[in-house]
1. Restricting to segment 47-66, what's the tally of residues that are surrounded by 14 or more Cβ atoms within 10 Å (Cβ to Cβ) and either on the phi > 0 side of the Ramachandran plot or of a type in the set (Asp, Glu) (or both)?
2. Considering segment 11-21 alone, what residues qualify as being at pLDDT 80 or above and either in a loop (DSSP other than H, G, I, E, B) or in contact with a Gly (Cβ under 8 Å, 6 or more places away or on another chain) (or both)?
3. Sort out which residues of segment 82-96 are in a loop (DSSP other than H, G, I, E, B) and open to solvent by less than 60 Å² (accessible area, probe 1.4 Å), and write them in order of number.
4. Given (1) open to solvent by 40 Å² or more (accessible area, probe 1.4 Å); (2) without any contact (Cβ under 8 Å) to a residue 24 or more places away in the chain, identify the lone condition not met by residue 44.
5. Quick one: residue 115 ticks every box in (1) more than 25 Å from residue 23 (Cα to Cα); (2) exposed (fewer than 10 other Cβ atoms within 10 Å of the Cβ) bar one, so which box is it?
6. Considering each of 115, 141 in turn, give the residue that is within 29 Å of residue 51 (Cβ to Cβ), touching a Cys at 6+ places or on another chain (Cβ under 9 Å) and not aromatic (Phe, Trp, Tyr).
7. Please determine, by comparing only the residues of segment 11-41 that are open to solvent by less than 50 Å² (accessible area, probe 1.4 Å) and hydroxyl-bearing (Ser, Thr, Tyr), which one is nearest to residue 124 (Cα to Cα).
8. Kindly list, by first and then second residue, each pair from a residue in segment 134-154 that is touching a residue at least 24 places away in the same chain (Cβ under 8 Å) to a residue that is assigned to a loop (DSSP other than H, G, I, E, B), limited to pairs with Cβ atoms under 9 Å and residues at least 6 apart or on different chains.
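The values are calculated or read from the model by the stated rules, or taken from the named source; none is laboratory data. Just so we're clear, the structure is a prediction, and the values are computed from it rather than from any experiment. All Cβ positions, glycine included, derive from the backbone under ideal geometry; neighbour counts span all protein chains shown. Remember, those area values only see protein heavy atoms, side chains included, never the ligands or the DNA or RNA. Shrake-Rupley method; radii C 1.70, N 1.55, O 1.52, S 1.80 Å.
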Amino acid sequence: RQMCIRDRRARQAVIKKFDGVYTLSAGISTNKVMAKLASGLKKPNRQTLINPNDGRTLSLLFHPLPLSRVRGLGGKFGKDVEEALHVKTVGELSKVPLSMLQEKFGEKSASFLFRTAQGICDEEVAERTKAKSIGAGKTFRGVLSICSSDHLTLKKWLSNLLSEIVDRIE
């Protein structure tokens, strides 16, 4: 509960500081993988709580996700898993027996796949010491969408985003 209150306050502070132009989304869970997934589920400006011990929550929020949304399954390995097992979602993967995963992918990868599909992650959250990349983005959906021929608005947003990147670099 304390974490949810802090998150709400952080989101309100971002909206206030940036006049509603930027928002903050947060994912709260018992492990790194689930929290990261939760943060992207209900954007913009929302927080999502996933309890991996609650089968209902897993089946509603986690299991419908395509494998490509899970860290480590978005590239070639994810495609290999989809093709070898004829699965597309985390829920479908969660029904594959560990023995079959071991047979197709070996002990280490099978353990990763099995545990991930069950919402289990022991990976510790580590503070980043050096940025791997710097970027800025803004999503324009629905009434906020911009026509590609509206050069004035596009130029304004491009300038804002570039300014943000320059500030981060400096």
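1. Number satisfying all stated conditions: 0.
2. Passing the criteria: 18, 19.
3. 87, 96
4. Only one criterion in (1) open to solvent by 40 Å² or more (accessible area, probe 1.4 Å); (2) without any contact (Cβ under 8 Å) to a residue 24 or more places away in the chain is unmet by residue 44, namely (2).
5. Only one criterion in (1) more than 25 Å from residue 23 (Cα to Cα); (2) exposed (fewer than 10 other Cβ atoms within 10 Å of the Cβ) is unmet by residue 115, namely (2).
6. Working: 141 fails: touching a Cys at 6+ places or on another chain (Cβ under 9 Å).
Exactly one of 115, 141 is within 29 Å of residue 51 (Cβ to Cβ), touching a Cys at 6+ places or on another chain (Cβ under 9 Å) and not aromatic (Phe, Trp, Tyr), namely 115.
7. Among them, the one singled out is 29.
8. 138/21; 138/22; 139/43; 139/44
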